[in-house]
1. Spot the failing condition for Arg59; the list is (1) of a type outside the set (A, V, I, L, M); (2) in contact with a Leu (Cβ under 6 Å, 6 or more places away or on another chain); (3) over 28 Å from His195 (Cβ atoms), and only one is missed.
2. Before we move on, is Ala8 under 24 Å from Ser139 (Cα atoms) and touching a Cys at 6+ places or on another chain (Cβ under 6 Å)?
3. Evaluate the stretch 107-124: report whether one residue or more is modelled with pLDDT of 95 or more and outside any helix (DSSP H, G or I).
4. Just checking: which of the helices (runs of 4 or more DSSP H) contained wholly in the stretch 173-264 hold 3 or more residues that are modelled with pLDDT under 95, in contact with an Asp or Glu (Cβ under 9 Å, 6 or more places away or on another chain) and acidic (Asp, Glu)?
5. Does Thr132 satisfy being more than 22 Å from Ala63 (Cα to Cα) and either in contact with a Ser or Thr (Cβ under 8 Å, 6 or more places away or on another chain) or not aliphatic (A, V, I, L, M) (or both)?
6. Just checking, which of Ser93, Ser103 is in a helix (DSSP H, G or I), open to solvent by 10 Å² or more (accessible area, probe 1.4 Å) and over 21 Å from Leu119 (Cβ atoms)?
7. Could you check how many residues of the stretch 174-190 are open to solvent by 10 Å² or more (accessible area, probe 1.4 Å) and without any contact (Cβ under 8 Å) to a residue 60 or more places away in the chain?
Amino acid sequence: MDTNRPLAVITGASSGIGLELARVCAGHGYDLLVTAEDGGLALAAEELREQGTEVTAVRADLALYDGVETLCRAVCDLGRPVSALALNAGVGSGGAFLDTGLSDDARIIDLNVTATVHLAKRLLPGMVARGTGRVLITSSIASTMPGPYQAVYNASKSFLQSFSQALSDELKDTGVTVTSLMPGATATDFFRRAHMLDTRVGRAKKDNPALVAEQGFQAMTEGRQKIVAGSVKTKLQGAVANRVLPDRVKALMHHRMAEPGGGR
């Protein structure tokens, strides 16, 4: 790799928002270390190399402790400072809490929450020691509301929202910034994997992940604390959810959007 170029580390980069973040970073002159658990990572890495950037692809399951450690070792082995860190990997599962499997709920926590904390604990000290760096944590508008039929997922995103804003405050004098990326419903594989294609939100029109990634990258570059990213409709939804509606109303709205079979 050209060590004069900045390095971006991006998780969940085989598709969706993560792949779009990798494309944006490549377009702005970053070399990349990208990771995901699925076979689509190799294809994504080849596409990214066609942009003229150097790409290291690390296939690892970040829901596992050893998977996170594998990624951390790969970053260390490059021997290069991390200029941008996009902690984007995440998973969801739809359905009533009493109907979902414990293993599915635990995986949401392991990937969305535990892996994010684990990676931040491993990689942030080096950034702080150098006095420079940008961190982007993919939260969600879901973090601002109770999530009937997505109870564990919404709670995991609420954790990430609080975590990222707390880190932003702690690191404000270090030269390292932490930005929370808060998309709404986005056109990725999320809803199929979460078994939510029969819900209203699953069938609704969704934001372009490229737009979400571009706005997230810009906010990260500017060192902003958080951004509701996506269409004007999503930004308005984020503003209303944050400032106007009580939790009981937001819970009712989420219930209607995420209820299994509600989109038929």
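The values are calculated or read from the model by the stated rules, or taken from the named source; none is laboratory data. Here the structure is a predicted model, which is why all the values come from computation and not from measurement. Every residue, glycine among them, receives a Cβ derived from its backbone with ideal geometry; neighbour counts consider all protein chains shown. Quick note on the areas: whole protein, heavy atoms, side chains included, nothing else; ligands and nucleic acids left out. Shrake-Rupley method; radii C 1.70, N 1.55, O 1.52, S 1.80 Å.
1. Every condition holds for Arg59 apart from (3).
2. Numbers: under 24 Å from Ser139 (Cα atoms): yes; touching a Cys at 6+ places or on another chain (Cβ under 6 Å): yes.
Yes.
3. Quick first cut of the stretch 107-124, residues modelled with pLDDT of 95 or more only: 107-124.
Those left that are additionally outside any helix (DSSP H, G or I): none.
No, every residue in the stretch 107-124 fails to be modelled with pLDDT of 95 or more and outside any helix (DSSP H, G or I).
4. Working: elements: 190-193, 200-203, 209-222, 232-243, 247-258.
Here the list is empty.
5. Details: more than 22 Å from Ala63 (Cα to Cα): yes; either in contact with a Ser or Thr (Cβ under 8 Å, 6 or more places away or on another chain) or not aliphatic (A, V, I, L, M) (or both): yes.
Answer is yes for this residue.
6. Details: Ser93 fails: in a helix (DSSP H, G or I).
That would be Ser103, the only listed residue that is in a helix (DSSP H, G or I), open to solvent by 10 Å² or more (accessible area, probe 1.4 Å) and over 21 Å from Leu119 (Cβ atoms).
7. So the count comes out to 6.
Listed here are the residues, each with its yes/no results for (1) of a type outside the set (S, T, N, Q); (2) surrounded by fewer than 16 Cβ atoms within 10 Å (Cβ to Cβ); (3) without any contact (Cβ under 8 Å) to a residue 24 or more places away in the chain.
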site: Thr138; (1), (2), (3): no, no, no
site: Gly147; (1), (2), (3): yes, no, no
site: Asn154; (1), (2), (3): no, no, no
site: Ser162; (1), (2), (3): no, yes, yes
site: Leu167; (1), (2), (3): yes, no, no
site: Thr199; (1), (2), (3): no, no, no
site: Ile227; (1), (2), (3): yes, no, no
site: Val240; (1), (2), (3): yes, yes, yes
